[in-house]
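Read the figures in this text as sums done on the coordinates, not as results from a lab. These numbers were taken from a predicted model, which means no experiment stands behind them. Positions of Cβ are generated from backbone atoms using ideal geometry, with glycine treated the same way; all protein chains shown enter the neighbour counts.
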């Protein structure tokens, strides 16, 4: 009997406590990995949205600078013909669709911070995926599913603000997104 007792006492195995501690450590490590993975994906999505909006803004600035040039040196004293020429600079196949009062997207634009005054004054343009491709911006979707990209022009001040209707964490304009800290 002494021989059997000594064999059993020499057998070593994993105890229930060691197994439990190992499993808990694995859960903690997997939780950390999942959290940092989600954070990395979140940051990548924000950076992709900002990059797309910056590309659109670069092209939109070209359009608004041409329009502002048509207003002349003193935009306040521009003639109706000069104003019409400036507005025509913003119209075109690759420049988006003018959003007018009663447009189906109007209420959505108002809810994300675009003013009724900008819509009424003809400063707001909705971009389709095809418009973006015509601008040279490939593989960027602009639609109901992925969010519409919208440009709000200010010809007098030569600015163009870019919006996305889905946005990111309640921020829809490029200006607001650039202020987010991650």
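Taking the number of Cβ atoms within 10 Å of each Cβ as an exposure proxy, the fewest-first ranking of 111, 68 is 111, 68.
Highest mobility in the GNM of the chain, judged by mean-square fluctuation with C-alpha springs under 10 Å and restricted to 136, 31, 13, is found for 13.
Fewest neighbouring Cβ atoms within 10 Å first, the residues 82, 16, 53 line up as 16, 82, 53. From helices alone, the chain scores -17500 deg cm²/dmol at 222 nm; the rule is -39500 (n - 2.57) for each run of n ≥ 4 DSSP H residues, then divide by the residue total. Seen against the Cα atoms of the chain and their longest principal axis, helix 16-71 is set at about 10 degrees.
Neighbour counts of C-beta atoms inside 10 Å place 139, 39, 103 in the sequence 139, 39, 103, starting with the fewest. Each Cα pair under 8 Å and six or more residues apart adds its separation to the average, and for the chain the resulting relative contact order is 19 percent.
Percent of Cα pairs in the chain per distance bin of 5 Å, from zero to the largest separation: 1, 7, 13, 15, 14, 10, 7, 5, 4, 3, 3, 3, 3, 2, 2, 2, 2, 2, 1, 1, 0, 0, 0.
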